[in-house]
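Here the structure comes first, spelled out in structure tokens, and everything after it is commentary.
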Amino acid sequence: MTGRPPELDALIAEYHPGLAMPRGFYTSQAIYDHDIVRVWNRNWLWAGHESQIPEAGDYVLLDYGSESIIIVRDRDGGVRAHLNICRHRGSRICTEAEGTARVFACPYHAWTFELTGELRAGRAMGPDFDPSRWGLFPVRVTLFQGLIFVCCDADTPALEPALAQLAPLTAPYGLDRLKVAHKASYPVPANWKLAVENYLECYHCGPAHQEYSRSHSLKSPKEMAELVGPLAARAAAAGLSSEMLDLTGAAAPTPFTGAYLRRYPLYPGYDTGSRDGAPLAPLLGDLKGYDGGATDMGIGPLNWFLVYSDHLVGYRFLPRDVQQTDIEVVWMVHADAEEGRDYDREALTWLWHVTSQDDERIIRHNQAGVNSAYFQPGPLSEMEGWVGDFYNFYLRMIGPDPEFRKAANG
Amino acid sequence: MTGRPPELDALIAEYHPGLAMPRGFYTSQAIYDHDIVRVWNRNWLWAGHESQIPEAGDYVLLDYGSESIIIVRDRDGGVRAHLNICRHRGSRICTEAEGTARVFACPYHAWTFELTGELRAGRAMGPDFDPSRWGLFPVRVTLFQGLIFVCCDADTPALEPALAQLAPLTAPYGLDRLKVAHKASYPVPANWKLAVENYLECYHCGPAHQEYSRSHSLKSPKEMAELVGPLAARAAAAGLSSEMLDLTGAAAPTPFTGAYLRRYPLYPGYDTGSRDGAPLAPLLGDLKGYDGGATDMGIGPLNWFLVYSDHLVGYRFLPRDVQQTDIEVVWMVHADAEEGRDYDREALTWLWHVTSQDDERIIRHNQAGVNSAYFQPGPLSEMEGWVGDFYNFYLRMIGPDPEFRKAANG
Amino acid sequence: MTGRPPELDALIAEYHPGLAMPRGFYTSQAIYDHDIVRVWNRNWLWAGHESQIPEAGDYVLLDYGSESIIIVRDRDGGVRAHLNICRHRGSRICTEAEGTARVFACPYHAWTFELTGELRAGRAMGPDFDPSRWGLFPVRVTLFQGLIFVCCDADTPALEPALAQLAPLTAPYGLDRLKVAHKASYPVPANWKLAVENYLECYHCGPAHQEYSRSHSLKSPKEMAELVGPLAARAAAAGLSSEMLDLTGAAAPTPFTGAYLRRYPLYPGYDTGSRDGAPLAPLLGDLKGYDGGATDMGIGPLNWFLVYSDHLVGYRFLPRDVQQTDIEVVWMVHADAEEGRDYDREALTWLWHVTSQDDERIIRHNQAGVNSAYFQPGPLSEMEGWVGDFYNFYLRMIGPDPEFRKAANG
């Protein structure tokens, strides 16, 4: 829908593997618009959890760029998604981030759509009007143990093959028995890719995240190695596999799909991602105890989760404009946990609140420097391998090869 | 002055009569800039009422896009208009929305212009300087029963032929004996065309305007038909013709000119557009009583008025940026009416204040949906005929035909 | 780094000497981006005073457009400048406007640079990493009697030849013995060139600067002529030469360099730029008394100073966006002066605070008028000669001639 930006080929040619990406990828409005169409509209995006929409008509929105998607529980108990655009003259239909609807009535002219997206008969539309042609545009939905993923593009490969491999590893966490404890948004004046790159490496954790670094071993590969063995034994006792799944990069079924899971050690004394190491909430799922570990999980190339023994933290980096991104963080706990009794919201959210504030600051300064006409991409460190993988993913997504998607599916 | 946007021809080709217009007309900065030059700078715009500038030197500004026009009472009692640009280095000359000036002295270097726009001798401009070459750029003025219209373009056809047909129908209202009771501005983050389209149809009145719909029959064509007969008799008794004038669309003298007037019924119990139906102010002009009707009036393709028996409401939808528009509403009453004694400002403005707030909201959500890359124009209803007429007008204005304006004048 | 804007040649052709410059120079984002690269990145910019960074590691930043430069005192007592961009992934390194650093540690991944810009060994960069390749980009520094000037471009001619001629004239002021008393920033929604043009002429001083005009003769060339003779005698008594230096326009060594100095009279009763004419601070340098004059000084084409007998005011007009500029004003006094005892900050800054507020207003209105599609450049007055010189400078800087810089150096 959006043309290929004229500067794109030169930018791609300018990129050298092993270095950061050139400036224009982070500063050009045309590149940003193209990113929305080629990356965001064609990939699976984490939209929420089934517990947020338990009853028929319950809905949440997922907004990014200029797009808005309605995710709704239908009358048969299924989850459906629709583009939040009236087929008449284009108004947004749902204007609140979440709610409950009997039907979707457009606030402008009251065109009314069923939860399934079908248009009811149009008022004053004349005798030849065929409502069946004007239903809401459907968006694909994939459910995984309660987590909801959506994708606008009909041709994007299915997530299920990767999820099938992931499922046994996540089963003990009881992801289907979670509830949202808190959501927060950290707007950062930077391109979405700088926010993603920030998430994908822990080279910055030592310098930039004092609180995180006290408890999480990822900042120091050597220390971590020593802690991995003891963790495996404790994990087994708690009911967790220590098996790693890495369906990313060349191992991904397709560039659009893939999954990742790895349990890694917290420092001794830490049961979870809390200020003092003490538990924050009831154990998740079927876990029998705290193993002193945390799980990094990725589903598709744009959705990340950090699973502690007693809570899950989900991350999204939603583009708003070429240099405006919302870091969205969602904290989830066991569905039966009750705020005040079983967990304290401020304690639960402390670590990733302060860490996200740090990230906002360093991503903002990263963009400021990249905006200089003198910026030249520098070399990635040994701890930034996933950043390089992200560049590969990104460049394939925006690349010119018309046979690309076919090959990806083939 | 602004080149033809490269995307324009493709967008025009994309348009299908009977459907809404494609997305690019509402999202492109280049199209917006072109709109200002081709639509706004070439059409007659309502700039105010003579009662606002009773004395020599009294002036008001009309600002839209990046343009600013001074409308001033000259020393001969006439109304003149000038571009609000100093001919020296381009400063705005009048920087307040209204005021009184003995002469127009530029606040930058004090170049001083007569109310007629002529430059007085320039300070330190050397012996060869000819002040007569550097007067303010003139803007055309047309007066109609006290209402002031201005047009920047020398080639735009005159309004007078259409106004001559309108004049006998509006005579009873005494439009020349009005005064401004209140002005309000409702900024909406949307393209100006979406604001105009909103004004031009009442398909949305039922769903979106609860207060308006209690009193005004326009939302329901069938109910209205039953009320029209009784209204005609009451109107005649009050001193009003029930004749309709429709010089719009194909009936307009030229695409730039035209006029429209129709008296339509309020619901029983409503004398005027008030909360409870009761009168709001002294009867206008020569009216002998309340007939329970309201008059829709259009002058040129961009200026609209709603005339009740006791007040007039004028509307402008002034572009500020590609997705920023000011809905400006002006309430006028009989020139002799005195606030506090003859009318209550809050009661007078209640209906169109709440209605304009509703409109701001729905126009904003309309733009949000149209911004989606997935938006596809849908079919207009039977109640959106004027929206289609507006598309025709707009497309002729921006169209490529170099012979267009000649033909329009011919 | 930025391509030549396609509209540039037409705009240059549209310019007529003796008139203001065409609209597009002040409204186009592409022209603005090109200005940063061709004008700002290639010229000498005033970055501060040595007294701001007395100790090793003390630094100040100079930010303009999307660029940021660190000016730092090194361990050998010299002044160095670096681009404020980490060579790893581009983060800003210093994030405060001034401070003291032992080394420059990037806040993102802790790449650490010496005050000289050299990178220390990189953490986790692998065995083949060569830190010597990844030092901070150097920026050139020229010092003049304590004033610090920086330039990003290696090919820009040196300032020293012009400064050598200026030095004897400024010697009595003791510019090396100053300290900053106050700094203020006046953001104005206008292109940087309109702010510069405003500074370069006093045709507007009478109409727009009531306070300034009470004390400074520049607004009235005839009055000034009568005052110049008496000033010369008083200046000599105070220890000042009345010699004028004009290395601007055709007299400049190169378009990038040059200098200007002229002592001109205040009105009788004014010792300095104060409200009541009374002194504001201890006499500068070796001055023996007040002569009732003020010195206009320019160093390079973009840096201006006003030197009274007891304080100096420095001006910068820093571009932030196509229509956003910061007017930055710095007040300096004798290094030994103590606030409260020797000067009152509010009294010291009064004149150029109110004058800068006036300038903000008139520059803003200038931009508003220039934004009109109807703006046409008007003729410059006899008092705007330097504005015409600025146009010449600007057009040479952005011009197409590939031989230009060579010729400028030759």
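For segment A:163-393, what ratio Rg/Rh do Cα atoms give with a Kirkwood hydrodynamic radius? All intermediate terms of the calculation are to be shown ahead of the outcome.
On the way: Rg = 17.5 Å, Rh = 18.3 Å.
Ratio value, two decimals: 0.95.
Rounded to whole Å, how close does chain C get to the rotation axis onto A by Cβ? Give me the residue too, please?
It is C:Q29, 6, counting Cβ atoms only.
Would you please put C:348-356, B:79-87, C:227-235, B:176-184 in order of how densely packed they are, using the mean number of other Cβ atoms within 10 angstrom per residue and starting with the highest?
Going by the mean number of other Cβ atoms within 10 Å, highest first, we get B:79-87, C:348-356, B:176-184, C:227-235.
If each of B:A233 and C:D286 carries a label point 7 Å out from its Cα toward its Cβ, how far apart are those two points in nm?
10.7 nm
How big is the dipole moment of chain A about its Cα centre under a simple scheme where the beta carbon of each Lys and Arg is +1, that of each Asp and Glu is -1, and everything else is neutral? Debye, nearest 20, please.
640 debye
Using Cα-Cα distances under 8 Å and only pairs 6 or more residues apart, what relative contact order does segment B:1-106 have, in percent? Don't skip to the answer; put the middle values down first.
Details: 123 pairs, mean separation 18.1, N = 106.
This gives 17 percent for segment B:1-106.
Put the label 7 Å from Cα along Cα→Cβ for C:D63; what are its distances to the other copies, in nanometres, shortest first?
2.8, 2.8
Looking at the square roots a ≥ b ≥ c of the eigenvalues of the Cα gyration tensor of segment A:158-232, which shape do they give, rounded for a/c under 1.5, prolate if a/b is larger than b/c, or oblate? Don't jump to the answer; show the numbers that get you there.
On the way: a/c = 1.71, a/b = 1.12, b/c = 1.52.
Note, shape of segment A:158-232 comes out oblate.
Principal axis extents for the protein assembly as shown, Cα atoms only, whole Å, descending order, please.
The principal-axis extents, from largest down, are 96, 96, 55 Å.
For segment B:45-144, I need the span (max minus min coordinate) of the C-alpha atoms along each principal axis, in Å, sorted largest to smallest.
Between the extreme Cα coordinates on each principal axis of segment B:45-144 lie 44, 31, 21 Å.
Please work out the ratio of the alpha-carbon Rg of segment B:115-191 to 2.2 N^0.38 Å and round it to two decimals.
1.70
Given R₀ = 60 Å, what would the calculated FRET efficiency be for A:Y267 paired with B:Q324, taking r from the Cβ atoms and rounding to 0.05?
According to the calculation, E is roughly 0.70.
Using a label position 7 Å from Cα in the Cα→Cβ direction, what is the ascending list of nm distances from A:R341 to the same site in the other copies?
So the label point of A:R341 gives 7.0, 7.0 nm to the other copies.
Just flag the GluC sites (Glu not before Pro) in segment A:314-364 sitting in loop per DSSP whose Cβ has no more than 13 other Cβ atoms within 10 Å.
A:E338
Quick one: pull the percentage of alpha-carbon pairs in chain A with a separation above 40 Å.
18 percent
For B:K193, which lysines qualify as cross-link partners when the Cα separation must be under 24 Å and same-chain residues fewer than eight apart are set aside?
B:K183, B:K219
Can you pull out the GluC sites (Glu not before Pro) in segment C:36-68 that DSSP calls coil and that have at most 16 other Cβ atoms within 10 Å?
Qualifying residues, ordered by number: C:E55.
I'd like the FRET efficiency for C:K222 and B:E382, computed as 1/(1 + (r/R0)^6) with the beta carbon distance as r and R0 of 45 Å, rounded to 0.05.
Numbers: r = 75 Å, r/R0 = 1.68.
Given R0 = 45 Å and the Cβ-Cβ separation, E is 0.05.
If you keep only loop residues by DSSP, which GluC sites (Glu not before Pro) in segment A:79-152 have at most 11 other Cβ atoms within 10 Å of their Cβ?
Details: sites: A:E96, A:E98, A:E114, A:E118; in loops: A:E96, A:E114, A:E118.
Loop-located and lightly packed - A:E96.
Starting from the Cα of C:R214, move 7 Å in the Cα-to-Cβ direction to define the label point; list residues of segment C:258-281 whose amide nitrogen is under 17 Å from there.
Hits in segment C:258-281 for C:R214 at 17 Å: C:266-280.
Mind checking the dipole of segment B:45-144: about its Cα centre, +1 per Lys or Arg Cβ, -1 per Asp or Glu Cβ, Debye to the nearest 20?
The calculated dipole for segment B:45-144 is roughly 320 debye.
Shortest first and in nm to one decimal, what separations exist between C:P131 and its copies in the other chains, measuring from label points 7 Å along the Cα-to-beta-carbon line?
Listed shortest first, these distances are 7.3, 7.3 nm.
Taking every residue in B:360-369, how many Cβ atoms of other protein chains lie within 10 Å of its Cβ, on average?
Per-residue shielding by partner chains comes out at 6.
Got the relative contact order for segment C:84-232 handy, in percent, Cα pairs under 8 Å and 6 or more residues apart?
Reported relative contact order: 11 percent.
Along the charge dipole of the protein assembly as shown, Cβ charges K/R +1 and D/E -1, which of C:M125, C:A184, B:M21 sits furthest on the positive end?
Highest projection toward the positive end goes to B:M21.
Here, each number is a calculation from the coordinates, and none is a lab measurement. This one's a predicted model, so the numbers in the text were calculated from it and none came from an experiment. Cβ: placed from backbone, ideal geometry, glycine included. Neighbour counts: every protein chain shown.
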